[in-house]
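The structure appears below as structure tokens.
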Amino acid sequence: MFAKNKWGVFAFIIIELLLYSVFMTGDISGHPSSGTVTMLKFLCIILCNIFALVCAVEFRQKDNYILLGAMFFTGISDYFLLFTENFTLGMITFCIVQMLYLLRIWFLEESRQGRRVLGRIFANIVLWAVILLILDKLKVTVNLLLTVSVFYFISILQNVITGTKNAVRRPGWKNLIFAAGMFLFILCDINVGIYNMNGFIAIENAAFQKLYNFSGVAMWMFYLPAQVCIAVSGKVGQCL
């Protein structure tokens, strides 16, 4: 079967790498918003969804079903962010993605305690409220998009931390590759934040402009490898 052997995984990675090299050439050459580049980016995410679907059907494990759900909402998010101006809906669905990854990390942990999941969600909500209050005190314009984005970033940050801890405590291909994917994921999001910072805070600095220009390329430079690692993490423990 395609996903049950290592050659299927390698074929998936090679195809994604070829598409990645093409659209990254477009990004670096200054054409990140061209129709071809955008379609290639979305195609790569669709392929991640297909890979996750095939493996969910073949392995029929809860972990694969959770991963498939997260990949599905990732595809929805990328549709909104790549092809529409409705960035708020894109970020809301990305919040769903992080909630599913929180559930996946709990499922992969050695000690599955329900209160641990609820405690993490509660901590996210409290920290979210505190940050929004601080932003309001700093006279930062807090709209719905920023409100959702703050909750999203808190959620992914916690998932990166707990996913990394889980990989250290329970070393194995699944946990290690998933943790690597989440780390690349947050690197992408940091660059997204830098790229969109001008919309909230006026910064006129030569060094920041260089960082801003780099972030426009770095977003997908980190994002697709993150999604490929996360997709593959649902399979490597069973086929390598």
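The values are calculated or read from the model by the stated rules, or taken from the named source; none is laboratory data. Everything numeric in this text was worked out from a predicted model, so none of it was measured. All Cβ positions, glycine included, derive from the backbone under ideal geometry; neighbour counts span all protein chains shown. Heavy atoms of the whole protein, side chains included, go into the accessibility calculation; ligands, DNA and RNA do not. Shrake-Rupley method; radii C 1.70, N 1.55, O 1.52, S 1.80 Å.
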Checklist entry - Nearest 0.05, what FRET efficiency do Phe87 and Leu17 give at R0 = 25 Å with Cβ-Cβ as r? => result 0.30
Item to check | Whichever aspartates and glutamates have a C-alpha closer than 20 Å to that of Lys165, once near sequence neighbours (fewer than 8 apart) are set aside | outcome: Asp63, Glu109, Glu110
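Gain in length, Thr141 to Leu127, computed as 0.36 nm per residue apart minus the alpha-carbon separation, to one decimal in nm? List each step's numbers first, then the result.
Numbers: separation 14, 0.36 × 14 = 5.04 nm, distance 1.85 nm.
Full-extension gain reported as 3.2 nm.
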Checklist outcome for this item: Rounded to the nearest 500, the 222 nm mean residue ellipticity computed for the chain from DSSP H runs (n ≥ 4, each -39500 (n - 2.57)) alone is -28500 deg cm²/dmol
Checklist entry - chymotrypsin sites (Phe, Trp or Tyr not before Pro) within segment 51-119: which are DSSP loop residues with at most 14 other Cβ atoms inside 10 Å? => result none
Next on the checklist: For the chain, set up a GNM with springs between Cα atoms under 10 Å and report which of Leu187, Leu138, Leu18 has the largest fluctuation.
Outcome noted: Leu138
Checklist outcome for this item: Other residues with Cβ under 13 Å from the Cβ of Phe122 give, with Lys and Arg +1 and Asp and Glu -1, a net charge of +3
Next on the checklist: What does the charge count around Trp220 come to, taking other residues whose C-beta lies under 11 Å from its C-beta (Lys +1, Arg +1, Asp -1, Glu -1)?
Outcome noted: -1
Checklist entry - What aspartates and glutamates sit close enough to Lys210 to cross-link, taking a C-alpha to C-alpha distance under 18 Å and skipping anything fewer than 8 places away on the same chain? => result Asp27, Asp189
Checklist entry - Counting pairs of Cα atoms in segment 29-114, how many percent are more than 15 Å apart? => result 64 percent
Item to check | Per residue, in Å², the accessible surface of segment 1-133 once ligands and nucleic acids are set aside, probe 1.4 Å | outcome: 52 Å²
Next on the checklist: With only alpha-carbon pairs counted, each pair once and no self-pairs, how large is the Kirkwood hydrodynamic radius of segment 143-237 in angstroms?
Outcome noted: 14.4 Å
Item to check | FRET efficiency estimate (nearest 0.05) - Cβ-Cβ, Arg60 to Phe208, R0 35 angstrom | outcome: 0.10
Checklist outcome for this item: segment 125-159 and segment 48-111 have their Cα centres apart by a whole-number Å value of 22 Å
